[in-house]
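Enquirer: Mind having a look at this structure? Questions to follow.
The values are calculated or read from the model by the stated rules, or taken from the named source; none is laboratory data. Every value quoted in this text rests on a predicted model; they were computed, and no experiment measured them. So basically every Cβ, Gly included, is an ideal-geometry build from the backbone, and we count neighbours across all protein chains shown.
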Ligand SMILES: Cc1ncc(C[n+]2csc(CCOP(=O)(O)OP(=O)(O)O)c2C)c(N)n1
Ligand SMILES: [Mg+2]
């Protein structure tokens, strides 16, 4: 792995800690799901952490982040409090949406985290609108919009790419190509095959493919994209190649892919890969890594405790916020 | 009092919105250079420029969805969906996003957009271009639905809509654009959730909205002139919120009700009103609540066939006779 020259120790520690937090948070979520404490659909991001962390870390506060239902990683990378996320997963009153949203619908207005969207492709038009608002008000804001390889086949994706390009809007389209939409292998569903970024050509949107298991590669690609987008010359498309190590959701027995494929991809584990680099480049010591691990564990445990101890939403909040 | 057409009343309100608030902008297919498919926004592009009068590609989903995003970011978009038939292509953004974002975020975001669209048949445009879906939207919590039937209401309801922080479906009936009516120069608003009694009467209550108000009034005239019966005509004005109080009060007086809508009767919004009348005024009713809507077929092209399918004053009078013997 090539190391970007300007990586600093604090950044290295930061990226590693964030990826580890996502990993441990989700491992815990999976356990809690099996215990029946978290219900509904739970989509894990395990294996894909480098994309959220590498890209979101390049943003400034006023930029917008918007994503799909596989959203814990993006929410955590954007700095959302693990406690309120876990409480939301538990359906508790202290959750980010007071228990009304659930795992797939995390929001944090204070961080311009504009939400997780559970209708495939549904967030893309909204991303365009956020960018439109930024341009309309002459604000220097970029929208970072995440979506999957499955979403690319939705009309909303194409409508959004087209309009963002026609109106030259500040959007980074961040495709997380994990090769599957539920059980459907990308080459069975996308006419262009597994290298999806070529679709951007049709809309005259500059596009790049990047190793989504390499946090620094993702960071670099996003920085490049940001530079371009901030000049006002319209959107950029990034395809991050990745793999989810778990099923589509907790309900998925993963019968559609060979375990050998997973074994191959596990060798690319973004956290392990980055750990090797960080140690080699002496950004961290073994002791520090252990300290990070302990800190992350404590954070996750505190989040769980907070969620466990929080009250259920009051029934009289049921009708709140249907209307302004 | 000065008179103007429905089209002029809507345009006036849109201009007020644009003039009064820089967060307001219009977008839609052919709202600019073409002047709007129904000429509502004639001259707007020249007056406000392409940043605020935005022609979009023919892409209903992103056109509504991007308005939702812009609204979440603090703007106040007014979107035109050329006709309600095309709203089907934006259903995801309207129903899954606009109507839900405030609730799912527990109030962190709101979606102050006005979606103007054109509803109804009567222009011989055939099955795909003559439908009335406003009732579908009215069944979705999180949306508000306005169905004006006069220039006065068109202006007054749109003024209220522009002050509202919720997503609003504002359905303009295609056959009413040229309708003239009195509109005062002085400022007024028509609040959502307040039905209007268009004609007082004591023998039967006719509940209508949008294009069927005219039909209801015609039917009431016929009832009066040929049968000596006085029908009370109620114009709902908005379907969500729904002013049932005015309807129930009227039915308690007339003891008879007929609900007239242009949507198909099967699963139509009129069933909701009929059900409410039966639940809240059962002991006051002299018979079942009658309903008149479009016949249970796609709307055909030929003039005589289309006229047979859409509700008419004759069918309203007939329903009153069949149900109540009046
Ligand atoms: C419009 C719509 N169709 C179908 C679904 C059901 N569904 C949920 S996730 C998913 C797969 C999406 O795959 P992809 O976009 O690749 O994202 P990934 O889950 O791999 O991150 C499907 C089919 C849905 N939520 N929305
Ligand atoms: Mg996928």
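Enquirer: Kindly indicate which of A:39, A:83 is closer than 20 Å to residue A:246 by Cβ and away from ligand 1 (no atom under 16 Å from the Cβ).
Expert: So the residue among A:39, A:83 that is closer than 20 Å to residue A:246 by Cβ and away from ligand 1 (no atom under 16 Å from the Cβ) is A:39.
Enquirer: Then there's this: Just to confirm my filter: which helices (runs of 4 or more DSSP H) fall fully inside segment B:151-264 and include at least 1 residues that are over 22 Å from residue A:323 (Cβ atoms) and not assigned by TED's automatic domain parsing to the domain that holds residue B:308?
Expert: Because the criterion is at least 1 residues that are over 22 Å from residue A:323 (Cβ atoms) and not assigned by TED's automatic domain parsing to the domain that holds residue B:308, the helices (runs of 4 or more DSSP H) in segment B:151-264 that meet it are B:151-163.
Enquirer: Identify all residues within segment A:233-249 that are surrounded by fewer than 20 Cβ atoms within 10 Å (Cβ to Cβ) and within 20 Å of residue A:124 (Cα to Cα); write none if there are none.
Expert: A:233
Enquirer: Yes or no: residue A:193 modelled with pLDDT of 95 or more and either farther than 22 Å from residue A:248 by Cβ or in contact with a helix residue (DSSP H, G or I) (Cβ under 7 Å, 6 or more places away or on another chain) (or both)?
Expert: No; evaluated as a whole, the condition is false for this residue.
Enquirer: Would you mind telling me which numbered condition in (1) crowded, with 18+ Cβ neighbours inside 10 Å; (2) out of contact with any helix residue (DSSP H, G or I) (no Cβ under 9 Å at 6 or more places or on another chain); (3) part of a loop (DSSP other than H, G, I, E, B) residue B:299 fails?
Expert: For residue B:299, the failing item is (2).
Enquirer: Output the number of residues of segment A:252-277 satisfying the condition of being farther than 23 Å from residue A:174 by Cβ and within 16 Å of ligand 2 (Cβ to nearest atom).
Expert: Residues flagged as farther than 23 Å from residue A:174 by Cβ and within 16 Å of ligand 2 (Cβ to nearest atom) within segment A:252-277 amount to 6.
Enquirer: OK, next. Here is a list: A:38, A:66. Which entry is in contact (Cβ under 8 Å) with a residue 12 or more places away in the chain, closer than 18 Å to residue A:114 by Cα and surrounded by 22 or more Cβ atoms within 10 Å (Cβ to Cβ)?
Expert: Selected residue: A:66, the only one of A:38, A:66 that is in contact (Cβ under 8 Å) with a residue 12 or more places away in the chain, closer than 18 Å to residue A:114 by Cα and surrounded by 22 or more Cβ atoms within 10 Å (Cβ to Cβ).
Enquirer: For segment A:23-49, name all the residues that are within 20 Å of residue A:273 (Cβ to Cβ) and not in a loop (DSSP other than H, G, I, E, B).
Expert: Taking segment A:23-49 first, the residues within 20 Å of residue A:273 (Cβ to Cβ) are A:23-27, A:44-49.
Answer for segment A:23-49, where residues must be within 20 Å of residue A:273 (Cβ to Cβ) and not in a loop (DSSP other than H, G, I, E, B): A:23, A:24, A:25, A:26, A:27, A:49.
Enquirer: Which one of these is more than 17 Å from residue B:5 (Cβ to Cβ), at pLDDT 95 or above and over 13 Å from the mean Cα position of the chain (by Cα): B:185, B:164?
Expert: B:164
Enquirer: How many residues, within segment A:256-285, are within 16 Å of ligand 1 (Cβ to nearest atom) and out of contact with any helix residue (DSSP H, G or I) (no Cβ under 6 Å at 6 or more places or on another chain)?
Expert: The total comes to 5.
Enquirer: What's the number of the only condition in (1) free of Cβ contacts under 8 Å to residues at least 40 places away in the same chain; (2) more than 14 Å from every other protein chain (Cβ to nearest Cβ); (3) in contact with a helix residue (DSSP H, G or I) (Cβ under 7 Å, 6 or more places away or on another chain); (4) away from ligand 2 (no atom under 16 Å from the Cβ) that residue A:205 fails to meet?
Expert: For residue A:205, the failing item is (1).
Enquirer: Would you mind stating whether residue A:104 is modelled with pLDDT of 95 or more and surrounded by 24 or more Cβ atoms within 10 Å (Cβ to Cβ)?
Expert: No.
Enquirer: Sort out which residues of segment A:229-249 are within 16 Å of ligand 2 (Cβ to nearest atom) and part of a loop (DSSP other than H, G, I, E, B), and write them in order of number.
Expert: Residues satisfying the conditions are A:242, A:243, A:244, A:245, A:246, A:247, A:248, A:249.
Enquirer: Can we say residue B:141 is out of contact with any strand residue (DSSP E or B) (no Cβ under 7 Å at 6 or more places or on another chain), in a loop (DSSP other than H, G, I, E, B) and at the interface with chain A (Cβ under 8 Å from one of its Cβ atoms)?
Expert: So residue B:141 passes the test.
Enquirer: Name the strands (runs of 3 or more DSSP E) wholly within segment B:14-129 that hold at least 1 residues that are within 13 Å of chain A (Cβ to nearest Cβ) and more than 20 Å from the chain's Cα centre (by Cα)? Steps first, answer last, please.
Expert: On the way: elements: B:24-28, B:53-55, B:76-81, B:114-119.
The qualifying strands (runs of 3 or more DSSP E) are B:24-28, B:53-55, B:76-81.
Enquirer: Also: Being without any contact (Cβ under 8 Å) to a residue 60 or more places away in the chain and surrounded by fewer than 21 Cβ atoms within 10 Å (Cβ to Cβ) is the filter here; which residues of segment A:208-232 pass it?
Expert: A:208, A:209, A:211, A:224, A:227, A:228, A:231
Enquirer: Name the residue, out of B:52, B:102, B:116, that is within 22 Å of residue B:160 (Cβ to Cβ) and surrounded by fewer than 19 Cβ atoms within 10 Å (Cβ to Cβ). I'd like the intermediate steps shown before the answer.
Expert: Values: B:102 fails: surrounded by fewer than 19 Cβ atoms within 10 Å (Cβ to Cβ); B:116 fails: surrounded by fewer than 19 Cβ atoms within 10 Å (Cβ to Cβ).
Testing whether each residue is within 22 Å of residue B:160 (Cβ to Cβ) and surrounded by fewer than 19 Cβ atoms within 10 Å (Cβ to Cβ) leaves just B:52.
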